[in-house]
Amino acid sequence: EVFARARCREVAEAANAAIMNPDVSFGPIQERRFRKDYPLPLRGAFSDMLRDSLALLEGPFNQTLGADPLLTEFSSLTTYPGATAQRFHSDSHMRDPSELRTTGRLYSAFVYLDDVGENVGPFDVYPGTHTHFQFLAVEEREMMTSAPFARL
């Protein structure tokens, strides 16, 4: 347990309140009926959780991204009962392989505010697919995703 349950519950309830009374649009996401990707404000309990999360990740982020990386998104990915598992997908939306040197340097960090179990909310990754995967032919993608994935 990295963060106290009460603190996680406070942040989750604040995120849910923002989702129920949106003042900006939701991000693109699979199965929008049961899942919401909503940008969070950089204030209050949200910014406190972000600050403390980044303190834990500062070493790896600085090592791979250099000093002072740019935060491009801060959002709540909230899943409601009835949602099915997401299909494997890329979190970046590059249009050209030349973007691998800029846009491709994307790191996603998830802070789970609820308990995560073997079949509820794990983060699965196919190593090596975070770079040029979306530019491969369908057959090559199928070959890469036929290998075992890492469950984090």
**Prompt:** Considering segment 115-152 alone, what residues qualify as being open to solvent by less than 100 Å² (accessible area, probe 1.4 Å), modelled with pLDDT of 70 or more and under 26 Å from Ala14 (Cα atoms)?
**Reply:** Val116, Gly117, Phe123
**Message:** Of everything in segment 32-54, what is open to solvent by less than 60 Å² (accessible area, probe 1.4 Å) and within 13 Å of Tyr80 (Cα to Cα)? Give them in sequence order.
**Reply:** Phe34, Arg35, Lys36, Asp37
**Request:** Scan segment 10-30 and give yes if some residue there is surrounded by 13 or more Cβ atoms within 10 Å (Cβ to Cβ), more than 20 Å from Ser108 (Cα to Cα) and charged (D, E, K, R), otherwise no.
**Result:** yes
**Message:** Take Thr64 and tell me if it is polar (S, T, N, Q) and over 19 Å from Ala12 (Cα atoms).
**Reply:** yes
**Message:** Pairs please, first residue from segment 28-47 and within 19 Å of Arg7 (Cβ to Cβ), second anywhere and among the β-branched types (Val, Ile, Thr), Cβ atoms under 7 Å, 6+ apart in sequence or on different chains.
**Reply:** Ala45/Val11; Phe46/Val11
**Complete:** Scanning segment 10-25 for residues that are in a helix (DSSP H, G or I) and out of contact with any Asp or Glu (no Cβ under 9 Å at 6 or more places or on another chain) gives Glu10, Glu13, Ala14, Ala15, Asn16, Ala17, Ala18, Ile19, Met20
**Asked** Which residue, of Ser90, Ser76, is at pLDDT below 80 and either over 22 Å from Ala17 (Cα atoms) or open to solvent by less than 80 Å² (accessible area, probe 1.4 Å) (or both)?
**Response** Ser90
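What about Met49, is it farther than 22 Å from Leu113 by Cα and under 18 Å from the mean Cα position of the chain (by Cα)?
So Met49 does not fit the description; no.
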**Asked** Is there a residue being touching a residue at least 12 places away in the same chain (Cβ under 8 Å), of a type outside the set (S, T, N, Q) and not in a helix (DSSP H, G or I) anywhere in segment 54-67?
**Response** no
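The values are calculated or read from the model by the stated rules, or taken from the named source; none is laboratory data. Given the structure is predicted, the values throughout are model-derived calculations rather than measurements. Neighbour counts run over all protein chains shown; Cβ positions are idealised from the backbone, glycine included. Ligands, DNA and RNA are excluded from the accessible area calculation, which covers all protein heavy atoms including side chains. Shrake-Rupley method; radii C 1.70, N 1.55, O 1.52, S 1.80 Å.
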